Amino acid sequence: MTTEHPPRWTLVIHGGAGIITRGVLTPEQDAGARAGLTRALEAGGAVLAGGGAAIDAVEAAVRVLEDDAHFNSARGAVLTFEGKVELDAAIMDGRDRSAGAVAGVSAARNPVTLARAVKDCSPHVLLTGAGADTFAREQGVEQAGEDWFVIPERRAQLAAMKESEDWFDVDMKYGTVGAVACDMNGHVAAATSTGGVTGKRWGRVGDSPLIGAGTYADDRACAVSATGSGEFFIRESVGHEIGARVRMLGEPLQVAADAVMAGVAALGGSGGVIVTGSAGEAVWSFTTKGMYRGQVSADGEAKIAIYADEG
Ligand code: ASP
């Protein structure tokens with residue numbers, strides 16, 4: 001007799017972590033972010049429900065969030081010290097650990113799709129700056145300019161930061177986005193996209209586009225997308241560390257994610273991760289007052305939450 005497992009899939013998304021409390025967000029911002037998260041779950045969930053691959057689902061979900069100015073990625077990205085956008089993104093397929101990433105780009109409307117092109121259409125994993133923008137044009141990736149990416153709120157946030165003494169404040173984060181998924185065939189994938197941190201300069205790159213830090217996927221373990229104070233996530237190798245604990249110690253996802261986030265906190269960092277395993281398990285773990293987040297799976301309703309005390 002053969003035992004057939006019901007088809008099962010899971011998608012988890014985040015829209016950034018930080019000092020996000022009920023007092024900080026206006027009702028409009030709260031509702032707008034929840035609507036954006038819902039649309040992203042719908043886009044990625046439709047791929048998975050139709051039998052599509054996890055890698056396509058995470059790209060679809062992140063594209064929706066990149067186009068949504070409530071979050072710090074592509075449209076609505078935070079600005080550099082010079083008032084420009086420098087966008088970072090990565091995507092990874094747990095089937096073969098193939099990966100693509102871009103850092104400091106400013107011409108692709110959807111950096112996650114450019115990262116996907118790096119993975120699928122180049123022999124490389126990480127392209128940066130002007131070279132990556134040239135690659136985007138050559139690949140026919142949809143282009144966008146400052147008129148699309150830059151919103152007035154980010155100019156105001158940069159001006160406020162420049163007036164403050166502490167011009168590089170790792171807590172000034174406004175919603176990096178990410179997605180992790182497990183598809184009906186038990187394959188996992190992860191994607192992350194961000195504008196980084198307000199006022200960054202000197203070509204600063206955070207954890208998001210670094211495979212093994214802010215983004216990681218391995219069918220033998222799990223898929224991880226992170227958000228938070230990137231320097232600490234790089235030093236802790238968060239994505240790979242969670243995967244390694246799951247693969248080599250056999251830890252449940254929640255145990256591994258909590259342990260690695262405790263490691264980030266011990267270094268002085270803050271933020272969160274979303275994680276899916278190849279049996280369709282899904283968890284999140286964060287050290288901040290809030291994290292924009294959502295989950296949908298084959299056997300349940302979509303869940304959206306922002307504040308730490310929600311679901
Ligand atoms: N991790 C991102 C970075 O350091 C920022 C964030 O997640 O808010 O670039």
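The values are calculated or read from the model by the stated rules, or taken from the named source; none is laboratory data. As the structure is a prediction and not an experimental result, all values here were calculated from the model. Neighbour counts are summed over all protein chains in view; Cβ atoms, including those assigned to glycine, are modelled from backbone coordinates with ideal geometry. SASA here: full protein model, heavy atoms, side chains in, ligands and nucleic acids out. Shrake-Rupley method; radii C 1.70, N 1.55, O 1.52, S 1.80 Å.
Relative to the 2.2 N^0.38 Å rule of thumb, region 100-203 has a C-alpha radius of gyration ratio of 1.24. Candidates 282, 217, 160 compared by Cα position along the dipole of the chain: farthest toward the positive end lies 160, with charges placed on Cβ.
Divided by 2.2 N^0.38 Å, where N counts the residues, the Cα radius of gyration of region 1-85 comes to 1.40. Between the helical axis of 253-267 and the longest alpha-carbon principal axis of the chain there is an angle of about 30 degrees. At a Cα cut-off below 17 Å, give the lysines reachable from residue 289, other chains included and same-chain residues fewer than 8 away excluded. In chain and number order, the partners are 173. Just so you know, the averaged projected area of the alpha carbon convex hull for region 128-270 sits at 10.7 nm². Taking one quarter of the surface of the convex hull spanned by the alpha-carbon atoms of region 105-158 gives a direction-averaged projected area of 4.0 nm². Just so you know, the Rg over Rh for region 212-262 is 0.93, from Cα atoms, with Rh as the Kirkwood radius.
Taking Cα centre as origin and charging only the Cβ of basic (Lys, Arg, +1) and acidic (Asp, Glu, -1) residues, the dipole magnitude of region 30-138 rounds to 80 debye.
Sorting the segments 151-160, 251-260, 51-60, 294-303 by their residues' average number of neighbouring beta-carbon atoms within 10 angstrom, most packed first, yields 51-60, 251-260, 294-303, 151-160.
Pair-distance distribution of region 184-253: all C-alpha pairs, bin width 5 Å, starting at 0; shares per bin in whole percent are 4, 19, 25, 21, 15, 8, 5, 3, 1.
Taking only alpha carbon atoms, region 196-311 gives an Rg to Rh ratio of 0.97, where Rh is the Kirkwood radius. About the centre of its Cα atoms, the chain shows a dipole size close to 220 debye [charges on the beta carbon of Lys, Arg (+1) and Asp, Glu (-1) only; nearest 20 debye].
Per-residue ellipticity at 222 nm from helix content only, as computed over the chain with -39500 (n - 2.57) for each DSSP H run of at least four residues, stands at -10000 deg cm²/dmol.
Taking the square roots of 5 times each eigenvalue of the Cα gyration tensor of region 46-168, largest first, gives ellipsoid semi-axes of 28, 16, 13 Å.
Here the chain is treated as a Stokes sphere of Kirkwood radius computed over C-alpha pairs; at 25 °C and 0.890 mPa s its diffusion coefficient rounds to 132 µm²/s.
Residues 96, 67, 147 ordered from highest to lowest accessible area at a 1.4 Å probe: 147, 96, 67.
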